[in-house]
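The values are calculated or read from the model by the stated rules, or taken from the named source; none is laboratory data. Bear in mind the structure is a predicted one, so any value in this text is a computation, not a measurement. Please note: Cβ atoms are built from the backbone with ideal geometry, for glycine as well, and neighbour counts cover all protein chains shown.
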Amino acid sequence: MFRFLEIIIFFLFITSCSSFHGKFIESKILLPDPNSLPCCWQIRETVEIISNSKQISLSSVTAISENKLVVVLFDPLGRKLLNISQTGRHISVEKEKELTLELPVKLLLLGIFLRDMPNSGWSFEGSNWLVERNGDKKILKHANRTVISLTEVNSPLEKLPENIFENRKISNLYYHDLDLDVEITRLEKQKL
């Protein structure tokens, strides 16, 4: 089953990344510092990745603590696939040995920063980022090129679990260079 999931993820990202190569060189982008994110919390979410009419469901846990951002992705059966942590500008990635894919980790982290960081966090030395707002949409640009579009709406009540902590949202992220849609539904947020 794990091998099957890896093949599905591989297919999604290969088809998505065919337009990625040469457009946006991920290794050259400078990420914001996690210190710019409001501290200290943990979120449990569902993640739907849609590319070329293919869809995969994952879940994630994201945590922000003192100067550290941690994201853990799980397969549909709850097995850990990937652990990403960022402290300052340093990023470390731990993949399960069966997962041999190179995923666009920095773009994933950019989506988290776009959702949760105040606009002032994008202004730092060496930054070429700009966040524009248009109604309920946020647009992240790098050197005047659109990288990610984000739309957030409140979750319908039927999608919410019991014991609601605070505002439930559905975030729709569109990664322009990858032609990739990601729908993230916040299930639970806890203060740390």
_Subset tally (residues that are touching a residue at least 40 places away in the same chain (Cβ under 8 Å) and on the phi > 0 side of the Ramachandran plot) for the range 37-64_ = 1
*Can you name the residue in the range 28-53 that is of a type in the set (D, E, K, R) and within 22 Å of Lys80 (Cβ to Cβ) and is also farthest from the chain's Cα centre (by Cα) among such residues?*
Arg44
*Considering only the range 85-142, how many residues are closer than 10 Å to Pro32 by Cβ and without any contact (Cβ under 8 Å) to a residue 24 or more places away in the chain?*
1
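Quick grid of which residues meet (1) crowded, with 18+ Cβ neighbours inside 10 Å; (2) at pLDDT 95 or above; (3) β-branched (Val, Ile, Thr):
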{"position": "Glu94", "(1), (2), (3)": "no, no, no"}
{"position": "Thr100", "(1), (2), (3)": "no, no, yes"}
{"position": "Leu107", "(1), (2), (3)": "yes, no, no"}
{"position": "Leu130", "(1), (2), (3)": "no, no, no"}
*Of all residues in the range 62-79, how many are small (Gly, Ala, Ser) and out of contact with any Cys (no Cβ under 7 Å at 6 or more places or on another chain)?*
2
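Can you find even one residue in the range 26-34 that is part of a helix (DSSP H, G or I), modelled with pLDDT of 80 or more and surrounded by 13 or more Cβ atoms within 10 Å (Cβ to Cβ)? Quick ask: steps written out before the conclusion?
Filtering the range 26-34 for residues part of a helix (DSSP H, G or I) gives 26-28, 34.
Those still in the list that are modelled with pLDDT of 80 or more too: 34.
Among the residues that remain, those that are also surrounded by 13 or more Cβ atoms within 10 Å (Cβ to Cβ) are: 34.
Yes, because at least one residue in the range 26-34 is part of a helix (DSSP H, G or I), modelled with pLDDT of 80 or more and surrounded by 13 or more Cβ atoms within 10 Å (Cβ to Cβ).
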_Quick check on the range 142-192: of everything there that is over 18 Å from the mean Cα position of the chain (by Cα) and modelled with pLDDT of 90 or more, which residue is nearest to Gln55 (Cα to Cα)?_
Arg145
